[in-house]
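Okay, so here's the structure we're looking at.
Values quoted throughout were computed directly from the atomic coordinates according to the rules given, and no laboratory measurement underlies them. Treat the numbers as computed from the prediction; the structure is a model and nothing was measured. Backbone-built Cβ (ideal geometry, glycine too); neighbour counts: all protein chains shown.
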Amino acid sequence: MIKKWVSTTHPISDIRDWNEVGSLILQPDYQRREVWGIAAKIMLIDSIMNSIPMPKIFVSSYIQNGKTVRAVIDGQQRITAILGFLNNEFSLDEPYTGDYKGLYFNELPLDIQDGVILSYDIDFNEAKGLSDNDLREVYSRVNKYLVALNKQELRKADYPGDFLEVCEAMANHDYFDEAGVFTAAARRRSLDVEFTSELVAALVFGISERKDLIDSCYQKYSVWDSQEKDAIKKEFEAVLSDMSKIFSVDVFPIKKTRWKQKADFYSLFMAISTLHKEGFSLPINVELLREDLSLVGLSIAPTSNVDILRTYAVYCVSQANSAASRRWRTNFLIGLLRGTYARNIDDREQRKVIFNLAVDIRWSNEECYPLNEKKCRVCGSNELGVFVSEAAVVWPVTSEAFQLANLEWVHRKCVDYADNFIAITPEEFGTFDDMDEE
């Protein structure tokens, strides 16, 4: 038989009829199984109802037992979705927002059923005279050189609406270019929007273990209360504003630090947001905080001899996106930032983190605290010893921020005489809490 391709057009009513009489083969053995989610199916029907053209469907046709049989080469997902709707397998729920929300096909007005949906024309490329090997070759060629859509590209197609609009707007914020968080390739594949979606979802729900949280937000907030939406955008921009002040491009550019990495950026973002919600704000002078972030950032590594910094590094690699890892990193950074944001040495969480960091770094890393600085700031002796139990950390009473960069060391026995200092002694704390088991 001579091989040939024919371009044809058929209304959806033809596809329904072919299927009803058994002359349509939806899933030849070389086809992949059905993979579309319900939102994708609903939005396809929405496109049909709005007369938006769809790409051509490839089929192979041949005569069998006196009737024409069509086997689908490319377009299985679309045809399956259409037939499913015609058979009342799903209704026009979210993300559909039109006049017929919640209705099944058989509940639609007849003029919509017949005059819009069943009359919708689909273009076909129809092959005749192809062998099974020919069909497999065509299927391979049609699919091989197409770049598969990633999850975010599918979300953009499946869940249009307010949540997508907010996430795309935030992804285009100038600070992300300044910070160097996204590569050009990541932006081309919408991975920048996927990351801002994670951040926006966390602002709405908090750090969550739910794997489907982003998809849930896209569905739930496809139509978003304008006041709630504006509040989230305002908070998102406020966090980025603080980050731009801390990581001044002229003094301490974030793109030259580890904090631009997504795991670190996420945790830092959520730490700042948490402090905002607690009523704290960033002061004008952030020099001490910059020193701490620089010191800690350079020391974080899986091989670090500083326990808490080694743990942080591990949680950036092992299950980096789990809620437990993210929560631990965020709590760690809240304590580090709080010394500048809250400027309140009575805050126990801040005292705890700074004390443990000070102890670990002081006794484990000679490059950070040289030998000639190991002296008590009260009695002047440089014999503080090697045991944490013999020392306390203090800050001058005039301190406006309580960070690693401006702490001093004293003997525990000298604390009572440290009239000009605010002290933290080791009996206040154990080690920093282990990662939540949740």
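Relative contact order of segment 237-324, taken over Cα pairs closer than 8 Å and 6 or more residues apart, is 26 percent. Each of 399, 13 was scored by other Cβ atoms within 10 Å of its Cβ. Listed from fewest to most, they are 13, 399. Within a straight-line Cα-Cα reach of under 21 Å, residue 255 can be paired with the following lysines, leaving aside sequence neighbours fewer than 8 residues apart in one chain: 245. The slack between residue 62 and residue 226, meaning 0.36 nm per residue of separation minus the straight C-alpha distance, is 53.5 nm.
If you look at the Cα atoms of segment 151-237, you get an Rg and a Dmax of 12.3, 34 Å. Translational diffusion of segment 275-321, estimated by Stokes-Einstein from the Kirkwood radius over alpha carbon pairs at 37 °C in a medium of 0.692 mPa s, is 263 µm² per second. Over 21 Å between Cα atoms, which of 101/234; 151/277; 41/262; 229/277 qualify? As for pairs spanning more than 21 Å Cα to Cα, those are 101/234; 151/277; 41/262.
Here the residues 62, 100, 159, ranked from fewest to most Cβ neighbours within 10 Å of their Cβ, fall in the order 62, 100, 159. Extending 7 Å from Cα along the Cβ direction at residue 97 and again at residue 208 yields two label points whose distance is 2.0 nm.
Over segment 242-338, what number does the Rg to Rh ratio reach, with both radii from the alpha-carbon atoms and Rh per Kirkwood? Before the final figure, lay out each step's value.
Numbers: Rg = 12.9 Å, Rh = 13.7 Å.
When Rh is taken as the Kirkwood radius, the ratio is 0.95.
Summarising the label geometry, the points placed 7 Å from Cα in the beta-carbon direction at residue 287 and residue 417 lie 3.1 nm from one another. Here the spin labels are modelled as points 7 Å beyond Cα on the Cα-Cβ line, and at residue 321 and residue 173 they lie 2.0 nm apart.
So how do 251, 59 line up by other beta-carbon neighbours within 10 Å, fewest first?
On the way: 251 10, 59 22.
Listing 251, 59 from fewest to most nearby Cβ atoms yields 251, 59.
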